[in-house]
1. Go through K29/K272; K49/K312; K209/K272; K33/K290; K115/K312 and tell me which ones have a Cα-Cα distance over 32 Å in this structure.
2. Label R170 and R6 with points 7 Å out from Cα along Cα→Cβ: what is the distance between them in nm?
3. Once the principal axes of the Cα atoms of the chain are found, what is the range along each, listed largest first in whole angstroms?
4. Compute the Rg to Rh ratio over the range 232-305 from the alpha carbon atoms, using the Kirkwood formula for Rh, and round to two decimal places.
5. Can you put L248, L306 in order of Cβ neighbours within 10 angstrom, beginning with the fewest?
6. Tell me, how many Å apart are the Cα centres for the range 295-316 and for the range 126-169?
7. Using the alpha-carbon centroid of each, what span in Å lies between the range 220-251 and the range 1-71?
8. Please rank K317, K354, K49, fewest neighbouring Cβ atoms within 10 Å first, as an exposure proxy.
Amino acid sequence: MSPTYRIASIPGDGIGPEVVSATIQVVEKLAQKLGKFQIDFTHIPWGTKYYKETGQYVSDDCLDTLRKFDAGLFGAVGAPDVPDHISLWGLLLAIRGPLQLYANVRPVRTFPGTKCPLNTATEGIDWMLVRENSEGEYSGQGGRSHIGQEWEAATEVAMFTRVAIKRIMRFAFETAQSRPKKHLIVVTKSNSMRNGMVLWDQVASEVSKDFPDVAWEKMLVDAMTVRMVAKPQSIDTIVGTNLHMDILSDLAAGLAGSIGVAPSSNLDPTRKNPSIFEPVHGSAFDITGKGIANPVATFWSAAEMLVWIGEKDAAAKLMQCVETVCAAGVLTPDLGGTANTQGVVEAVCAEIEKL
Ligand SMILES: NC(=O)c1ccc[n+]([C@@H]2O[C@H](COP(=O)([O-])OP(=O)(O)OC[C@H]3O[C@@H](n4cnc5c(N)ncnc54)[C@H](O)[C@@H]3O)[C@@H](O)[C@H]2O)c1
């Protein structure tokens, strides 16, 4: 009997519902055409509307709710009339940390038919970014004192633990090892951050001993931005902290063509908890409701989800259809095209029909 996968669909805010609905159409079409598995999406209404109705972004039992699923497909969170730290901590960071989704994997590639804006990368970009997703600068450690006073003070403590560094380094070295170039850049800032980032470098060096076939090097985050622009072909896999990779992955997406094609996986590599897949982009207030959001980042996130739950062949077929559609010039405005979201969905479904 063919397996049925239960997926939590959390569209969230802004263009989230647009790209998640586009992706569900495409994945359901794929499952129906291939006939090898069933996929069952359950809608979960967490997000700003839910917050305004209930006073919180997620339900009290959100972790147990998610644990009933094989994986989650998430859109975006953030609304113009709610402070961003409330929405992000209310939904996404309320899930990533407690579920220990500690590896945030962000592949970046220039799609066929799309243009890489770098003249240093005429062949386009193909990188794998690994972001530590559980601590660092986003640990939530810190506070505010003397609120409202002239001498008001606030701290944001970047916390690094040996356990968390070790597990993300192992994951990053394994990822680099699985790619043809077997090359890893460990992004750091240990010149000015002389405690946490020095432990980061030290553990990277210790873990590297178990991966003699992976060539690795250390790079300061500021110098890394220059290298991404000036020598993109010298890069393959990159690992960095929560903050560093949050920033570098948006830069990488822009350099590859558009943030509208950048996917991400929030993985619990121990598989004790369901992993959550989502586009890198946010709610995109400026294009919400216009029907022109690029759904490719969420398609690719869903393909990564299919790989994770064991449907590698289906994932490859989905990406092949998406690439054919891009190569044929069916592109949303962020990639210089004139197609709308539904136009891309229909073109991809038409390709799936030909499989
Ligand atoms: N993972 C998340 O849920 C997440 C990530 C980033 C930002 N946010 C939130 O989203 C809100 C807006 O943030 P922002 O403006 O900094 O970033 P953003 O990613 O929402 O938008 C940045 C720019 O990229 C464009 N863009 C993004 N996705 C696109 C797509 N699929 N197709 C075409 N164009 C696309 C937008 O139109 C905008 O011009 C904020 O509330 C922020 O906190 C959420």
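1. K49/K312
2. Output for this residue pair reads 2.9 nm.
3. Principal extents (Cα only, largest first): 57, 50, 43 Å.
4. Using only Cα positions, Rg/Rh for the range 232-305 is 1.00.
5. Arranged by neighbour count, lowest to highest, L248, L306 become L248, L306.
6. Going from one Cα centre to the other spans 30 Å.
7. Spelled out, the Cα-based centre of one part sits 31 Å from the other.
8. K354, K49, K317
Values in this text are rule-based calculations from the coordinates and carry no lab data. Computed from a predicted structure; not experimentally measured. Methodologically, a virtual Cβ is constructed for each residue, glycine included, from the backbone with ideal geometry; neighbour enumeration extends over all protein chains shown.
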